[in-house]
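Scroll down for the structure; my scribbles are underneath it.
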Amino acid sequence: MHNSHSRLTVFALCAIAFSVFASECKAGDRVMIYGTRMIPFGNDATTYTRAGYGAGGQIIIAVPALLDVFAGVAGIEYVNLLSKTVTFIDRPTGLRVDQETSQGNLRLYLGGQIGGHGNGFLRPHAGINLSLTYYTFSVDVVVPDDYNREQEIRQNLRSEGQLAVGYDMTFGLDLNFGKFSVDGGVRYLKSFSVPEQLGEGSVHIYPNYFQVYIGAGIPISLW
């Protein structure tokens with residue numbers, strides 16, 4: 001709990017600093033597409049998933065009435081977290097059995113952003129979003145053949161999806177080139193009550209992730 005309060009305090013201070021940088025910018029709206037690299041962080045995430053790549057898009061709508069430094073953000077992204085293999089030994093036969101779990105997530109997010117909404121070239125910004133994530137799981141049970149992989153025995157145990165809520169905190173820098181912009185930054189993501197795997201003995205975890213993203217945006221006019 002103390003660590004969460006500390007992160008939020010640092011986030012608030014950085015957000016205020018970013019708003020000072022952007023206070024002289026005129027309001028502007030834009031749409032953006034980006035690519036991302038998502039990295040598991042902490043035991044809950046690293047035990048069951050590996051880093052993966054994804055892509056997304058978002059719309060940023062500035063609010064001129066709020067000193068031209070606040071914007072609403074809505075976005076969607078998909079990330080493939082690749083596969084994780086857990087190995088078991090079948091006691092009666094001594095066979096090695098691998099459980100391979102592939103996981104991806106489709107995330108919808110909505111929140112606010114401070115800074116980075118005007119005509120300046122350097123447009124730092126910080127934001128916080130609430131999210132709804134649809135995690136997809138595919139679990140295969142494999143009896144491998146170390147000498148000929150084509151002879152392995154593979155069976156799909158289960159495939160399904162689960163919804164989870166969460167949030168993210170974003171820090172980025174947008175470079176404004178007039179007709180388009182380039183935006184890059186980092187995100188900290190937290191999800192709540194995600195099943196670690198499917199099948200008997202599964203428990204729910206609360207994974208953390210870091211994202212590094214870079215994308216391109218084009219301005220739009222809504223005001």
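What ranking do I220, I114 get, fewest neighbouring Cβ atoms within 10 angstrom at the top?
The order, fewest Cβ neighbours first, is I220, I114.
Using modelled amide H (1.01 Å from N, peptide plane; none on Pro or chain starts), what sits under 5 Å from the amide H of F70, excluding residues fewer than 5 places away?
The list, which skips near neighbours in sequence, is V63, G115.
For segment 21-160, count all C-alpha to C-alpha pairs, find those more than 25 Å apart, and express that count as a whole percent of the total.
Roughly 49 percent, rounded to a whole number.
With the Cα gyration tensor of segment 72-223 giving a ≥ b ≥ c as the square roots of its eigenvalues, does the rule (a/c under 1.5 for rounded; else a/b larger than b/c for prolate; else oblate) give rounded, prolate or oblate?
prolate
With each label point set 7 Å from Cα along the Cα-Cβ vector, what nm distance links F192 and L82?
3.0
FYI, it's all coordinate maths here, none of it is from the lab. Predicted model, so just to flag it, every value in this text is computed and none were measured. A quick note on method: Cβ atoms are made from the backbone with ideal geometry, for glycine too, and the neighbour counts reach across all protein chains shown.
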